[in-house]
1. From zero outward in steps of 10 Å, how is the percent of C-alpha pairs of the range B:107-205 spread across the bins?
2. Number of Lys pairs in chain A with C-alpha atoms less than 27 angstrom apart, excluding same-chain neighbours closer than eight positions?
3. List the distances, in nm and shortest first, from the label point of B:R106 to the matching label points in every other copy, placing each point 7 Å from Cα along the Cα-to-Cβ direction.
4. Please report the buried accessible area for the interface of A with B, total over both chains, probe 1.4 Å, in Å² to the nearest 100.
5. Please give the calculated 222 nm ellipticity per residue for chain B, where each DSSP H segment of at least 4 residues contributes -39500 (n - 2.57) and the sum is spread over every residue; nearest 500 deg cm²/dmol?
6. Of all DSSP beta bridges in the range B:29-136, what percent run antiparallel (nearest 5)?
7. Using a Förster radius of 51 Å, what is the FRET efficiency between B:R313 and A:E171 based on their Cβ-Cβ separation? Nearest 0.05, please.
8. Give the value in nm², to one decimal: projected area of the alpha carbon convex hull of chain B, averaged over all directions.
2 protein chains.
Amino acid sequence: MYEPFSFRLIAADGAARTGEIATPHGVVRTPAFMPVGTQASIKGVHHADVRAAGADIVLANTYHLMLRPTAERVAALGGLHAFMGWPHPIITDSGGFQVMSLAALRKVTEQSVTFRSHLDGAMVELSPERAVEVQGLLGSDIAMQLDECVRLPAERGEIARAMELSLRWAERCKRAFENSAPAGRALFGIVQGGDDMKLREQSARALQDIGFDGYALGGLAVGETQEVMLNIVGESAPMLPVEQPRYLMGVGTPADLLEAVARGVDMFDCVLPTRNGRHGLAFTRFGAINIKNARHADDPRPLDAESRCPAAREFSRAYLHHLFRSGEALGGTLLSIVNLYYYQDLMAGARSAIAAGRFDDYRAQTFEQWREKADRTSG
Amino acid sequence: MYEPFSFRLIAADGAARTGEIATPHGVVRTPAFMPVGTQASIKGVHHADVRAAGADIVLANTYHLMLRPTAERVAALGGLHAFMGWPHPIITDSGGFQVMSLAALRKVTEQSVTFRSHLDGAMVELSPERAVEVQGLLGSDIAMQLDECVRLPAERGEIARAMELSLRWAERCKRAFENSAPAGRALFGIVQGGDDMKLREQSARALQDIGFDGYALGGLAVGETQEVMLNIVGESAPMLPVEQPRYLMGVGTPADLLEAVARGVDMFDCVLPTRNGRHGLAFTRFGAINIKNARHADDPRPLDAESRCPAAREFSRAYLHHLFRSGEALGGTLLSIVNLYYYQDLMAGARSAIAAGRFDDYRAQTFEQWREKADRTSG
């Protein structure tokens, strides 16, 4: 059963790549979409549905879990896999991003970040060493270094300062990880540098000097346009080693995913499929469908009669519309499931297309179908 | 596929009975627990889980559906079975109970009840004929007469007036049903009379003179004690024909169900399994467990390792506790599923025990186990 972390590149097609990440809890096929289980639960969706949708791996949030139920409690209960009943691969973030976005009264020093818990107001310190310790207690297959993420746009000086601090924290994380992590687990470094490619290059090089099992692009999808983000991704990916996985954090829409895969990204996580699902937005082959729109009230057609997803085939748009209009939680659950299947199928299609050397066609046809069908049927 | 409504008594054990109701959409094994899909959705639970739990039939609310999405819209979409994607038997109530409990500004006359919709404030009229028409548009397998339900305690004069009005409405419902219902559907009468057994007897006799496919006991679980309710059930059931199903509306706890089965009731509906599940209360063989209680925070045991329900076997109490503490909707969904399985298994056990002539033992052992295990493990 046990297998140490490794990455095997199966095929490349232009900059796009397909491969397999081995972990102690199973294999992750790349390009991979990783559903977000913020508090050890993919919001509103049963694990069985997450798995049936095709997810090889889920992401859990260190920040949330260290505050509640606490990492020590999860460890005493056998680690996150046993605790949440997900025996497959798990990746954890370092908590840095949530500290910046959720916690009040945070103070960043060379040593650590100290913040006031959004739950009970307690002051909590998160250092690089503690971030590694917490992720070790959670027992994730892939851990992330602690970094400081700056919201764009920002001053170059501020971006540089945070990037350099993140590098020093990367080194401390690596040292702590080597001294404590169970064999076979992986630690990823995070490239920072905002929208400044010189800073990004400096960050990417220094991280490789430290040496990580994989590399993430951080500090993106934090306010910049899609064009800016894709330019940074396109220029940053070639700075990273070919033989290791590349992870674009917190991204994104189906279009973002295809564009980033085209630029050489292997892994994604995003709350969009479940958050949009809860708000009545379904991703389909025909483009996005806002099921709350009155035009669906009398529509007996399913979202997609040919979908692999039972919820997309078996329920009428009229019924899904009714569930949202009536405030029935089942509506949000069903659309979240529809979206999780869609994201997984999009990545499965990308993997096949890359292996067959026709990824450009796949991407173009997918965009074309969104546009075409949107004219006729959706909205 | 099509089969007209009929009831076949398989075995009796004392006053307890087991049998089978045939309907155009399939068979209902009795004693039967019917989960409540108020707005054409069993709150927070996927139909597949409702079915897997063992439900042969679900109840939908005429009052809610006539207001939204409207009965006419459901009919245009092929009826309730097609609309909600539940191809199995469906029973609808008449709307009378919700008019009394939800609508503001209601006015009851000989002709009908007029009320202000709780959704948009529109004035809506519900007559016996309209109640039958709406249920016909919904296309339920079993429809209920319109009645006027009085909250207990109440003056005898008020109870008698409402019971007599309900009888005249029963006759009008029967006439409307004969003139309009598709072949094979059933209409049930509802015995009223509050806690006055003379009125109950008068109601039961007059309903049988009109002639229905089944008989419900209405106006119970509306504020009286369990003892009062069970006395009324015990005295009323023998007033009803042996060869037709008996339905105790809106009841109840697991204990209520066993006691009412012992007194000759065949069918139940109640929101308790899902409502309590959403509030963190699990029904198990070991009694009720309040999963929000702090004692469960570190408990790695599942709710019931031997349950037929995957959610009761596969998730730890600590994880379920965490989901509730964290406000994750998955917690309410999982406990609702656990409770739906428990109710169905309780009824399946009752059916087997009655068929084997050992229902009294089954009931006594079930109560004993609740008490015994509660001392050791729950709370």
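The values are calculated or read from the model by the stated rules, or taken from the named source; none is laboratory data. Bear in mind the structure is a predicted one, so any value in this text is a computation, not a measurement. Here the Cβ positions follow ideal geometry from the backbone for every residue, glycine too, while neighbour counts run over all protein chains shown. Ligands, DNA and RNA are stripped out before the accessible areas are found, and what is left, the full protein with its side chains, is counted by its heavy atoms. Shrake-Rupley method; radii C 1.70, N 1.55, O 1.52, S 1.80 Å.
1. Reading the bins upward from 0: 16, 41, 33, 10, 0.
2. Total qualifying Lys-Lys pairs in chain A comes to 4.
3. Computed spacing set for this position: 5.4 nm.
4. Using a 1.4 Å probe, the pair buries roughly 2700 Å².
5. So the helix-based figure for chain B works out to -13500 deg cm²/dmol.
6. 60
7. 0.70
8. With every direction weighted equally, the projected area is 18.3 nm².
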